Amino acid sequence: MPLKIVVLAAFVVFAALAFAITAALSRRQSVASKWPLYGKRVLSGPEQALYWRLVEALPGDVVLAQVQLSRFLGIQKGNRRIEWLNRINQKSADFVVCHKDFSIIAVIELDDATHGRPSRQKADRDKEKALSDAGLRLIRWHVKRVPTMEEIQLAVHPAKTRTAAGAVTGDIAGTPPVLAVIRPD
């Protein structure tokens, strides 16, 4: 075997070995070294205020906060799953109100000034389309006009009615998907 081929083969083996060792050390260091992350609050101040008002106004329901759309929107078979997942990936609902069996009653969004931006308006339209096509009700409230407990109850359970004594009766069966919006005065 010519000397040049032996030297070349030795060089290739040495380079591969050096690369493997460097990669292994790099992986070990990235796991062992401190990542530049910190914990932060899940909800903003206004979102916390609305969350507690929702919990108080809807004692028979489950209120979930900051839920990824992909956790509660499925993709019908026969469609390009990855393409549709990419459309809803990285999008979340501020609140999802569920029955005790975690079936969805309504999705609630708390809008602030950022929802006036063109890019945000497109994202809002996409979210509205996704929820509407999935047959889910979307309720939007503006951060400057947080609803009262009664407004929450009527928006989330529109088919329920109040008796003269204030008791809630009825059910939401057959309630069509709607978009309720309460804007600041």
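Okay, here's what the table says:
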{"read-out": "Tabulated pairs, segment 118-134, first closer than 12 Å to Leu69 by Cβ, second acidic (Asp, Glu), C-beta under 8 angstrom, 6+ apart or interchain", "value": "Lys127/Glu109"}
{"read-out": "Segment 94-126 - residue that is among the small types (Gly, Ala, Ser) and surrounded by 10 or more Cβ atoms within 10 Å (Cβ to Cβ) and, of those, nearest to Arg41 (Cα to Cα)", "value": "Ala113"}
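Rule-based calculations on the coordinates, nothing more; no lab input. On a predicted model such as this, the values are computed, not experimentally measured, just so you know. Reconstructed Cβ throughout: ideal geometry from the backbone, glycine too, with neighbour counts over all protein chains shown.
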